[in-house]
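See below for the structure under consideration.
The values are calculated or read from the model by the stated rules, or taken from the named source; none is laboratory data. Just so it is clear, the model here is predicted, and its values are computed rather than measured. Here the Cβ positions follow ideal geometry from the backbone for every residue, glycine too, while neighbour counts run over all protein chains shown.
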Amino acid sequence: MKLSEIAKRLDCELRGDGSIEINRVVGIEEAGSGDLTFLSNPKYSAKLKSTKASAIIISPQAPPLGISTLRTLNPYLAFAKAIELFYSPPRPIRRIHPTAVISSSAQIGSNSSIGAFVFIDDEVVIGDNATLFPHVVLYRGVKIGSGFVAHSHVSVREYCEIGNNVILQNGVVIGADGFGFAKRDDLSYHKIMQSGRVVLEDEVEVQANSTIDRSAVGETRICRGSKIDNLVQVGHGSRVGENTLLCSQVGLAGSTQVGKNVILTGQVGVAGHCKIGDNVVATAQSGIPSDIESGKIVSGYPAIENKLWLRCSVLFSKLPEFSKSLKDLQQKVDKLLT
């Protein structure tokens, strides 16, 4: 595809030779002749001098370069859309596989694809254009909108509700029992019936092997546009606001309330019943034991403001030196006093 055509489709400003033939889209280090790459993070600007790409997607403020450029205010988004111009994933045949087991009371919309060994229980309702890959299981009473995609080994438990254009990657479990047990007088545990449900609103994506638990009463809800990475645990009765990102290995204990546009990066843990405000960012491995106000960037355990945590981190490596200095000072004081 010619670079000029790509610029038109991506709505980018072309500077340079639009007749260049582009064959693929790759990262800046791997790019060679005939490749289109991108730069969105300024810390990688030094790689511009060594890249062998034929063209690059870059911000309008970038200086003139020795190669052709596609300039846009959001290079990363343009890069994502450029990939779609060159790669389309395999499309399953729009049919119901003969090995699928589907209840007679289930309702399945038009133009759906149901793969091998799928199980769809009683009273399930699925909208149009659904794609269920092999070994997907939908329990009784599940309600799903249009454009649903469930990859192999997804399980959606009874009476959960899923909106439009939701994607569940391999091994996702929606609506498993929340972790609820009441201690008996003899110190054994009585399982609390988990009678609630999970609701996933429109445009949610949950990636591989993540789990979202149902609650004892009420619901666990993931709001519109939120994205959940691999190996994430969302505890029973939690609520995740719109357009929030939960990165890999994040864990939300029960009844956690997460606001809109929040980013919890890798391995962040949140204690139960905490409230996290809108637009909060928690850096990797932060532990959040209490509420976080909107707009904060937090780090560490217990999580504190990121700038304070960075200053504290500088001091950690110097603690042995401080300890020795204090001991030396104490010895000098002791000598003066004796």
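Rundown of residues vs (1) surrounded by fewer than 20 Cβ atoms within 10 Å (Cβ to Cβ); (2) on the phi > 0 side of the Ramachandran plot; (3) among the β-branched types (Val, Ile, Thr), yes/no style:
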{"residue": "LYS2", "(1), (2), (3)": "yes, no, no"}
{"residue": "ARG9", "(1), (2), (3)": "yes, no, no"}
{"residue": "CYS12", "(1), (2), (3)": "no, no, no"}
{"residue": "ARG15", "(1), (2), (3)": "yes, no, no"}
{"residue": "GLY18", "(1), (2), (3)": "yes, no, no"}
{"residue": "VAL26", "(1), (2), (3)": "yes, no, yes"}
{"residue": "ASP35", "(1), (2), (3)": "no, no, no"}
{"residue": "LYS47", "(1), (2), (3)": "yes, no, no"}
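How many of the residues in the stretch 246-273 are surrounded by fewer than 23 Cβ atoms within 10 Å (Cβ to Cβ), out of contact with any Leu (no Cβ under 7 Å at 6 or more places or on another chain) and assigned to a strand (DSSP E or B)? Before the answer, list the steps.
Start the filter on the stretch 246-273 by keeping residues that are surrounded by fewer than 23 Cβ atoms within 10 Å (Cβ to Cβ), which leaves 247-249, 251, 253-255, 257, 259-261, 263, 265-267, 269, 271-273.
Right, trim to out of contact with any Leu (no Cβ under 7 Å at 6 or more places or on another chain) and you get 251, 253-255, 257, 259-261, 265-267, 269, 271-273.
Imposing the further condition that a residue be assigned to a strand (DSSP E or B) reduces the set to 251, 257, 269.
Going through the stretch 246-273 one residue at a time, the tally reaches 3.
For every residue, the table says whether it meets (1) under 27 Å from SER110 (Cα atoms); (2) aliphatic (A, V, I, L, M).
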| residue | (1), (2) |
| --- | --- |
| ALA130 | yes, yes |
| ILE144 | yes, yes |
| HIS151 | yes, no |
| ARG157 | yes, no |
| ILE162 | yes, yes |
| THR211 | no, no |
| SER226 | yes, no |
| VAL232 | no, yes |
| GLY241 | no, no |
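Output the residue which, of all residues in the stretch 104-118 that are part of a loop (DSSP other than H, G, I, E, B) and crowded, with 16+ Cβ neighbours inside 10 Å, is farthest from the chain's Cα centre (by Cα). Full working, then the answer.
Within the stretch 104-118, the subset part of a loop (DSSP other than H, G, I, E, B) is 104-106, 109-112, 115-118.
Imposing the further condition that a residue be crowded, with 16+ Cβ neighbours inside 10 Å reduces the set to 106, 109, 112, 115, 118.
Working: ALA106: 31, GLY109: 28, SER112: 26, GLY115: 26, VAL118: 26 Å.
Ranking the candidates gives ALA106 first.
Would you check which residues across the stretch 1-40 are under 12 Å from ILE83 (Cα atoms) and of a type in the set (Val, Ile, Thr) and list them?
Correct list: ILE6, ILE22, VAL25, VAL26, THR37.
In the set SER294, SER299, which member is more than 19 Å from SER238 (Cβ to Cβ) and either surrounded by 14 or more Cβ atoms within 10 Å (Cβ to Cβ) or of a type in the set (Gly, Ala, Ser) (or both)?
Values: SER294 fails: more than 19 Å from SER238 (Cβ to Cβ).
The conditions single out SER299.
Rundown of residues vs (1) part of a loop (DSSP other than H, G, I, E, B); (2) farther than 20 Å from SER88 by Cα, yes/no style:
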position	(1), (2)
ILE6	no, no
LEU14	no, yes
ASP17	yes, yes
THR51	yes, yes
GLN61	yes, yes
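Within the stretch 233-243, count every residue that is surrounded by 24 or more Cβ atoms within 10 Å (Cβ to Cβ) and in a loop (DSSP other than H, G, I, E, B). I'd like the intermediate steps shown before the answer.
Going residue by residue through the stretch 233-243, those that are surrounded by 24 or more Cβ atoms within 10 Å (Cβ to Cβ) are 234, 236-238, 240.
Still in the list and also in a loop (DSSP other than H, G, I, E, B): 236-238.
Residues flagged as surrounded by 24 or more Cβ atoms within 10 Å (Cβ to Cβ) and in a loop (DSSP other than H, G, I, E, B) within the stretch 233-243 amount to 3.
Just one of GLY241, GLY235, GLY277, GLY225 is at pLDDT 95 or above, touching a Phe, Trp or Tyr at 6+ places or on another chain (Cβ under 8 Å) and small (Gly, Ala, Ser); which is it? Outline the logic, then answer.
Details: GLY241 fails: touching a Phe, Trp or Tyr at 6+ places or on another chain (Cβ under 8 Å); GLY277 fails: touching a Phe, Trp or Tyr at 6+ places or on another chain (Cβ under 8 Å); GLY225 fails: touching a Phe, Trp or Tyr at 6+ places or on another chain (Cβ under 8 Å).
Result: GLY235 is the single residue among GLY241, GLY235, GLY277, GLY225 that is at pLDDT 95 or above, touching a Phe, Trp or Tyr at 6+ places or on another chain (Cβ under 8 Å) and small (Gly, Ala, Ser).
For ILE297, are the conditions met, namely being assigned by TED's automatic domain parsing to the domain that holds GLY241, modelled with pLDDT of 95 or more, under 19 Å from the mean Cα position of the chain (by Cα) and hydrophobic (A, V, I, L, M, F, W, C)?
Details: assigned by TED's automatic domain parsing to the domain that holds GLY241: yes; modelled with pLDDT of 95 or more: yes; under 19 Å from the mean Cα position of the chain (by Cα): yes; hydrophobic (A, V, I, L, M, F, W, C): yes.
Considered against the rule, which asks whether it is assigned by TED's automatic domain parsing to the domain that holds GLY241, modelled with pLDDT of 95 or more, under 19 Å from the mean Cα position of the chain (by Cα) and hydrophobic (A, V, I, L, M, F, W, C), ILE297 comes out as yes.
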